Amino acid sequence: MLDLNFVRDHLPQVEEMLRRRGMDPNAVLKDFASIDVRRRQAITEAETMKARRNKASEEIAKLKKAGHDATAAMAETKELREQIQEREKVVVEFDGQLKEILAGIPNMPHVSVPVGHSAEENVEVRRWGSPPKFDFTPKPHWDLGPELGVLDLERAVKLTGARFAVYWDLGAKLERALANFMLDLHTREHGYTEVLPPFLVNSDSMYGTGQLPKFAADSFRVPHGEKDLWLIPTAEVPVTNLYRDEVLDSTRLPISLTTYTPCFRSEAGSYGKDVRGIIRQHQFQKVELVKFTRPEQSYDEHEKLTRNAETVLQKLGLHYRVVTLCTGDMGAAAAKTYDIEVWLPGQQVFREISSCSNFEAYQARRANIRHRPDGKNKPEFVHTLNGSGLAVGRTWVAIVENYQQADGSVVIPEALRQYVGAERIVAKKF
């Protein structure tokens with residue numbers, strides 16, 4: 001979240017930021033200014049009363065020492081104590097209201113982020129490669145997968161419901177191969193440390209990265225005794241929260257972590273979008289990249305992280321483009337986001353396969369992740385970054401559609417063959 005003092009001192013800029021994100025400042029900020037003034041007034045009144053109480057206490061001590069009656073002074077201190085308690089209750093109430101408002105304010109976009117209202121106003125940064133040429137009409141993966149016997153959506157519906165998938169044989173091996181290939185690439189060549197976190201997290205973790213309270217409807221809640229647990233919507237949640245409420249050694253930064261996990265999203269409000277195939281699933285697998293950096297190095301690390309994710313597509317020979325998201329299309333917690341979009345010839349579209357974001361101190365402030373800069377005693381918030389490196393299911397889709405052959409088979413990219421143990425996927429029924 002944003003710092004309270006920053007919002008107070010830059011309220012017009014915050015209001016303009018909300019408009020640029022396509023939001024109503026009045027609906028987001030509510031009575032922020034009024035509550036903040038009343039809160040500070042209550043704090044001032046409480047401090048004034050505490051000073052009066054301390055002075056009265058000194059007077060009581062003097063009266064008792066002199067053998068005089070201190071009844072009136074004692075009555076005054078009692079009344080002041082009750083009034084102080086009332087003011088402190090008011091402050092706590094206002095603190096809660098301000099925290100709720102602050103939790104709903106999105107991050108301030110970086111100055112380099114284009115202003116726009118929708119995805120149509122995102123700005124293309126670069127492209128890599130070129131789309132494959134076919135002497136036949138390429139098929140989408142939702143036709144190819146079932147024909148090859150490697151993707152089974154009908155049985156997934158029987159097992160669970162819509163927007164789940166079953167992979168068979170080389171389809172399952174390709175999914176696993178992609179995850180291993182990505183993890184090996186990021187750990188061996190890019191210097192990330194692999195971590196395997198829990199796939200269930202508590203509400204504090206969801207709050208720390210900004211999923212709660214705003215996106216509760218998009219997540220799967222699992223009641224557990226007196227507490228709520230949540231199936232992770234992305235590995236960003238548990239990995240970022242590994243350092244919640246900690247002060248990191250500044251010499252360790254940047255810390256670069258990678259992980260492979262399933263992800264679970266209810267996709268509330270997305271019904272009717274991407275319903276065919278496995279583009280938008282309730283469960284999907286992803287390799288995630290997460291960084292913790294000093295503030296002054298975060299944008300250099302953001303560029304590195306994005307390039308690290310791009311390397312996966314380059315080694316697989318997949319055509320893609322990188323776009324900078326505009327203010328109206330960017331996630332609430334992000335200060336800047338690059339989307340990497342892979343070309344899918346069966347659908348004739350570029351499809352997002354990774355979002356690489358710099359959150360600056362927005363998540364770190366919520367999760368209380370700090371470091372102590374050299375020569376300073378006071379800890380400061382780190383900057384957090386993350387991005388998919390990559391979404392495994394969508395990479396699976398890209399390979400199947402881009403490497404399909406006229407005979408209906410799919411060639412395995414050379415970089416994956418040692419992981420899959422095969423050069424080609426051919427039709428096989430189960």
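The values are calculated or read from the model by the stated rules, or taken from the named source; none is laboratory data. Please read all numbers here as calculations on a predicted model, not as lab measurements. Positions of Cβ are backbone-derived with ideal geometry, glycine not excepted, and every protein chain shown enters the neighbour counts. Just the protein is used for accessible areas: all its heavy atoms, side chains included, with ligands, DNA and RNA removed. Shrake-Rupley method; radii C 1.70, N 1.55, O 1.52, S 1.80 Å.
Of the residues in segment 138-156, not one is touching a Phe, Trp or Tyr at 6+ places or on another chain (Cβ under 7 Å), open to solvent by 30 Å² or more (accessible area, probe 1.4 Å) and touching a residue at least 60 places away in the same chain (Cβ under 8 Å).
Taking only segment 55-74 into account, find how many residues are polar (S, T, N, Q) and surrounded by 12 or more Cβ atoms within 10 Å (Cβ to Cβ).
1
With the condition being under 15 Å from the mean Cα position of the chain (by Cα) and among the small types (G, A, S), I'd like the strands (runs of 3 or more DSSP E) fully within segment 281-361 carrying at least 3 qualifying residues.
Where strands (runs of 3 or more DSSP E) fall fully within segment 281-361 and carry at least 3 residues being under 15 Å from the mean Cα position of the chain (by Cα) and among the small types (G, A, S), they are 349-358.
Of all residues in segment 398-427, those that are polar (S, T, N, Q) have Cβ atoms under 8 Å from Cβ atoms of residues that are in a helix (DSSP H, G or I), 6 or more apart or on another chain, in Q404/L144; S409/L148.
Considering segment 1-87, the qualifying helices (runs of 4 or more DSSP H), each wholly inside and each with 3 or more residues that are of a type outside the set (A, V, I, L, M, F, W, C) and within 22 Å of A361 (Cα to Cα), run over 4-9, 11-20. Inspection of segment 405-419 identifies no residue that is open to solvent by 10 Å² or more (accessible area, probe 1.4 Å), closer than 18 Å to V239 by Cβ and charged (D, E, K, R). What about T251, is it surrounded by fewer than 19 Cβ atoms within 10 Å (Cβ to Cβ) and polar (S, T, N, Q)? Yes; evaluated as a whole, the condition is true for this residue.
For segment 153-167, enumerate the residues that are of a type in the set (G, A, S) and within 27 Å of the chain's Cα centre (by Cα). Scanning segment 153-167 gives G161, A162, A165. Scanning segment 168-198 for residues being surrounded by 15 or more Cβ atoms within 10 Å (Cβ to Cβ), under 19 Å from the mean Cα position of the chain (by Cα) and among the hydrophobic types (A, V, I, L, M, F, W, C) gives a total of 1. Taken over segment 75-96, the criterion of being farther than 12 Å from M49 by Cβ and either of a type in the set (S, T, Y) or open to solvent by less than 90 Å² (accessible area, probe 1.4 Å) (or both) is satisfied by A75, V90, V91, F94, D95, G96. Can you confirm whether S34 is at pLDDT 95 or above, farther than 30 Å from H383 by Cβ and exposed (fewer than 12 other Cβ atoms within 10 Å of the Cβ)? Yes; evaluated as a whole, the condition is true for this residue. The number of residues in segment 218-248 being within 17 Å of the chain's Cα centre (by Cα) and either under 26 Å from R176 (Cβ atoms) or open to solvent by less than 20 Å² (accessible area, probe 1.4 Å) (or both) comes to 15.
Only residues that are open to solvent by less than 20 Å² (accessible area, probe 1.4 Å) and under 24 Å from Y260 (Cβ atoms) were counted across segment 309-341, and they come to 14.
In segment 377-403, of all residues being of a type in the set (D, E, K, R) and touching a helix residue (DSSP H, G or I) at 6+ places or on another chain (Cβ under 9 Å), the one that is surrounded by the fewest Cβ atoms within 10 Å (Cβ to Cβ) corresponds to E380.
In segment 386-402, what count of residues is obtained for those that are farther than 17 Å from T306 by Cα and of a type in the set (A, V, I, L, M, F, W, C)? Residues flagged as farther than 17 Å from T306 by Cα and of a type in the set (A, V, I, L, M, F, W, C) within segment 386-402 amount to 5. Looking at segment 208-225, which of its residues are in contact (Cβ under 8 Å) with a residue 12 or more places away in the chain and part of a helix (DSSP H, G or I)? Hits for segment 208-225 are G208, A217, D218.
Strands (runs of 3 or more DSSP E) fully within segment 226-277 that include at least 1 residues being more than 27 Å from E301 (Cα to Cα): 227-231, 255-264.
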